[in-house]
Structures are given as C-alpha cells and as structure tokens.
Amino acid sequence: MRRLALILLLAAAPASARETIGIYKGWGAFRDPGRCYAIARPVLANGRTGGFASVGTWPAKRLRASFALRLSLPRDRETPVTLSIGERRFPLVGTDRLLWAPDAATDHALVMAMRSGRSMSVSAVDPGRRPFADTYALAGAAAAIDAATLSCVMRP
C-alpha cells in the first residue's frame, strides 16, 4: 500500500514543483520535494497517451531506484501483466493502470535489466479482453536513473 501511495504522488505532482535534472535521450530525470525520479513515455502505444515508466528514489521513505509504471489503458485486473526486457520476463502487480514489482528482489532485478536493455514492453489485457502493449526505448534510462538517484543522495 505504501508503494501505491508513492506512485499516486508521482502521477499527481504539479509540473511547477519539478526541477529538471537532465534529459537523456528519451528519458528525463527530475526532482520534486522529497523525491527524484527518471521517467519516460512509451515510444509505441498505438496512439494512446498517458502511460509512463519511472524509477524513483524517496530518501525519507528509504526507497531507492524503485520501479513504477502507468499503463496507457486500463487493464483487466483478473489477468496478469508482464514486463519484458530482452529475454527476461517480470510480473507486475497493482491497480487497473498503476503497476509495480511484487517485491524488492523483483524490483531490483527489473531496474538492473533496464540499465542494460535496449527496450522494454509491458503486455496486458484491457477490460474488453483485448491484449495491448506499451513499448519503451531504454536508451538513456541508465543515465537518467543515475542522475535522479545521485540528485537525491547529494541533496536529500
């Protein structure tokens, strides 16, 4: 539940509260009061908007490099969601649109795979039982994650 609250905060932060740390290819690194994060929009979502993938650090919550994703469409909560990075597959859990890793070990492995991967794709099924996927380019992700993490470590 704590992760859900943090993800909702990420999605709801006003743009005026953000400090840009840097832009790294398709990924941006930002700082808000109390947190820093790397974030990107999908490069392929079949015209849908509103999706994003992020890796955030919240020093006061002792969370570092924690993955969160917002789907470009609501999903059927009865079906599993899978994130693919290269040959690796990771289960995700969450609400109809907001997702995260089911545990700390998966979270860590997923972020490490992002650092060396070329792309990642999240596959889900919408409430009408139609499959869909959001695809992200990972070029710049490692640099954005590092910049965001260092920004929070240097200025908590």
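The values are calculated or read from the model by the stated rules, or taken from the named source; none is laboratory data. Keep in mind the model is a prediction, meaning the values are calculated, not measured. Here the Cβ is made from the backbone with ideal geometry for all residues, glycine too, and neighbour counts use every protein chain on show.
Some observations on this one:
- Gly47 at positive phi, without any contact (Cβ under 8 Å) to a residue 60 or more places away in the chain and among the small types (Gly, Ala, Ser): yes
- Of the strands (runs of 3 or more DSSP E) lying entirely inside region 31-139, the ones with 2 or more residues being modelled with pLDDT of 95 or more, within 22 Å of Val153 (Cβ to Cβ) and within 13 Å of the chain's Cα centre (by Cα) are found at 35-40, 52-58, 63-70.
- Every pair of residues 6+ apart whose Cβ atoms lie under 7 Å, when the first sits in region 56-80 and is at positive phi and hydrophobic (A, V, I, L, M, F, W, C) while the second is surrounded by 14 or more Cβ atoms within 10 Å (Cβ to Cβ) and not in a strand (DSSP E or B): Ala65/Val111; Ala65/Ile145; Ala65/Thr149
- Selected residue (only one of Ala53, Ala68, Ala124, Ala113 is crowded, with 16+ Cβ neighbours inside 10 Å and touching a helix residue (DSSP H, G or I) at 6+ places or on another chain (Cβ under 8 Å)): Ala68
- Failed condition for Pro74, given (1) in contact with a His (Cβ under 8 Å, 6 or more places away or on another chain); (2) exposed (fewer than 15 other Cβ atoms within 10 Å of the Cβ): (1)
- Checked against the criterion of being within 17 Å of Ala38 (Cβ to Cβ) and among the polar types (S, T, N, Q), region 82-98 contains not a single residue that satisfies it.
- Residues of region 84-126 that turn out to be under 20 Å from Leu63 (Cβ atoms) and in contact (Cβ under 8 Å) with a residue 40 or more places away in the chain, as a count: 9
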